[in-house]
Amino acid sequence: MAKQDWKPGNMIYPLPAVMVSVGNSPENYNIITIAWTGTICSDPPMCYISVRKGRHSYKTLKETGEFVINLTTKDLAYATDWCGVRSGRQYNKFEEMHLTPGKASVVNAPIIEESPINIECKVTEVKELGTHDMFMAEVVNVKADEQYIDEKTGAFSLQKAKPICYSHGHYFEVGKKIGKFGYAVEKKKKKLRKKR
């Protein structure tokens, strides 16, 4: 099998395509679309977003130290892209995309009501890296849309919400489930039982 060497680059794909809402009053509410985001710790629950200094939301993030990660869906794909290519300097993105700013439970930044999951975050550290600065944050609250909660299990179904992801400049729907955490071990157990 032949392999090519490429110059160093970020090849960790696909990534979640999220809309991050910022601001502490309706006058400075804004939405920034981000794919550079992820989990960095489970206890305490922590995540990060990486933002270029030139982005309109950067100053607000630095000043308020709060943001909300709003997960996106197939129905929100157009708004997700639009909010990523238009600047909050020229547009009120909530109004332009007919999105509803809602009240978060802990932070002052608004949630996007149309999003299935809203992750409220408080910045703990800003790390200057190069093209982007990383805003590391503690997750202080999560809001989940009840229409996607399974009545029997109480679990949230992201598959029902139809989440989207981002890869090399393109958006994709998340595909069908092919397994669950630990399924490889479960299969081995079943095989061992058969042998016995």
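The values are calculated or read from the model by the stated rules, or taken from the named source; none is laboratory data. What you see is a predicted model, and the numbers here were worked out from it, not measured in a lab. A quick note on method: Cβ atoms are made from the backbone with ideal geometry, for glycine too, and the neighbour counts reach across all protein chains shown.
Results for (1) modelled with pLDDT under 95; (2) more than 19 Å from the chain's Cα centre (by Cα); (3) among the hydroxyl-bearing types (Ser, Thr, Tyr), shown as yes or no for each residue.
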{"position": "Gly9", "(1), (2), (3)": "yes, yes, no"}
{"position": "Ala17", "(1), (2), (3)": "no, no, no"}
{"position": "Gly23", "(1), (2), (3)": "no, no, no"}
{"position": "Ile31", "(1), (2), (3)": "no, no, no"}
{"position": "Ile34", "(1), (2), (3)": "no, no, no"}
{"position": "Thr37", "(1), (2), (3)": "no, no, yes"}
{"position": "Met46", "(1), (2), (3)": "no, no, no"}
{"position": "Thr60", "(1), (2), (3)": "no, no, yes"}
{"position": "Glu63", "(1), (2), (3)": "no, yes, no"}
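When each of Asn24, Asn30 is tested for being surrounded by fewer than 21 Cβ atoms within 10 Å (Cβ to Cβ) and out of contact with any Pro (no Cβ under 7 Å at 6 or more places or on another chain), the lone residue that passes is Asn24.
Take the conditions modelled with pLDDT of 90 or more, surrounded by fewer than 16 Cβ atoms within 10 Å (Cβ to Cβ) and over 14 Å from the mean Cα position of the chain (by Cα) and apply them to His170. Does it pass? Yes. Comparison of Ser87, Ser57 shows that the only residue that is surrounded by fewer than 20 Cβ atoms within 10 Å (Cβ to Cβ) and of a type in the set (Ser, Thr, Tyr) is Ser87. For segment 12-56, the set of residues classified as under 14 Å from Asp133 (Cβ atoms), part of a loop (DSSP other than H, G, I, E, B) and in contact (Cβ under 8 Å) with a residue 40 or more places away in the chain consists of Trp36, Lys53, listed by residue number. Of the residues examined, Val68 is one that is assigned to a strand (DSSP E or B), out of contact with any Phe, Trp or Tyr (no Cβ under 9 Å at 6 or more places or on another chain) and modelled with pLDDT of 95 or more.
Under 14 Å from the mean Cα position of the chain (by Cα) and either at pLDDT 95 or above or closer than 14 Å to Val18 by Cα (or both): is that true of Asn118 in this structure? Spelling it out, Asn118 is indeed under 14 Å from the mean Cα position of the chain (by Cα) and either at pLDDT 95 or above or closer than 14 Å to Val18 by Cα (or both).
Checking the structure you have, find out if any residue of segment 140-158 is under 25 Å from Tyr13 (Cα atoms) and in contact with a Lys or Arg (Cβ under 9 Å, 6 or more places away or on another chain). No. How many residues does segment 150-178 hold that are over 21 Å from Met19 (Cβ atoms) and touching a strand residue (DSSP E or B) at 6+ places or on another chain (Cβ under 9 Å)? Going through segment 150-178 one residue at a time, the tally reaches 2.
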